[in-house]
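Beneath this line is the structure, given in structure tokens, with notes to follow.
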């Protein structure tokens with residue numbers, strides 16, 4: 001759903017839904033798994049989540065050379081906030097954001113997991129453990145590592161996101 005306020009302002013709202021049924025195979029011994037990894041010894045091991053993921057984007061074009069996509073946030077199924085910094089960017093922007101966080105907010109990345117299509121770099125900000133996430137499909141976002149204190153975790157996520165927004169990321 002799009003709403004064009006004027007030629008320079010666009011609001012986009014989307015809702016994604018995922019529903020599937022998965023039969024969990026376990027418990028299997030090593031020999032049973034080697035024979036047939038899809039086998040199940042129980043008929044009741046089913047997992048059927050119904051997941052809704054909202055998305056909100058606000059694009060503001062100040063001039064022909066300046067466009068500001070505003071940061072938006074998603075609430076995860078566990079109550080945490082995921083702040084999407086840029087949903088359409090390359091890996092160079094991820095590294096620029098990581099460098100800005102390290103240089104200007106003095107964060108230190110404690111754990112860096114780099115896969116072929118995602119990067120997850122963990123850091124601590126104001127006593128909250130957060131993750132800077134990059135996906136070739138979804139861009140750059142920040143979210144809490146573990147939900148211990150939802151309000152503090154979510155506040156830290158949004159503070160970092162708003163800082164990056166002021167830096168024109």
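Take the residues in region 68-88 that are in a loop (DSSP other than H, G, I, E, B) and out of contact with any helix residue (DSSP H, G or I) (no Cβ under 9 Å at 6 or more places or on another chain), then tell me which one is modelled with the highest pLDDT.
So the residue we want is 87.
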key: Search result, residues across region 8-25 that are more than 27 Å from residue 36 (Cβ to Cβ) and in a loop (DSSP other than H, G, I, E, B)   = 8
ask   = Across region 26-55, what is the number of residues that are in a loop (DSSP other than H, G, I, E, B) and surrounded by fewer than 11 Cβ atoms within 10 Å (Cβ to Cβ)?
value = 8
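Which of the residues that make up region 138-152 are surrounded by fewer than 21 Cβ atoms within 10 Å (Cβ to Cβ) and either farther than 17 Å from residue 94 by Cβ or at pLDDT 85 or above (or both)?
Of everything in region 138-152, those that are surrounded by fewer than 21 Cβ atoms within 10 Å (Cβ to Cβ) and either farther than 17 Å from residue 94 by Cβ or at pLDDT 85 or above (or both) turn out to be 139, 145, 146, 147, 148, 149, 150, 151, 152.
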note = Of the listed residues (58, 5), the one being touching a residue at least 40 places away in the same chain (Cβ under 8 Å) and either in a strand (DSSP E or B) or closer than 28 Å to residue 87 by Cβ (or both) is 58
message = If I ask for residues that are out of contact with any helix residue (DSSP H, G or I) (no Cβ under 7 Å at 6 or more places or on another chain) and closer than 23 Å to residue 90 by Cα, which ones from region 124-137 would you list?
response = 131, 133, 135, 136, 137
ask   = If the Cβ limit is 6 Å and pairs must be 6+ apart or interchain, which residue in region 31-48 that is touching a residue at least 12 places away in the same chain (Cβ under 8 Å) pairs with which residue that is surrounded by fewer than 10 Cβ atoms within 10 Å (Cβ to Cβ) and assigned to a loop (DSSP other than H, G, I, E, B)?
value = 48/21
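The values are calculated or read from the model by the stated rules, or taken from the named source; none is laboratory data. What you are looking at is a predicted structure, and each value in this text was computed from that prediction instead of being measured. Note that each Cβ is placed from the backbone with ideal geometry, even for glycine, and that neighbours are counted across all protein chains shown.
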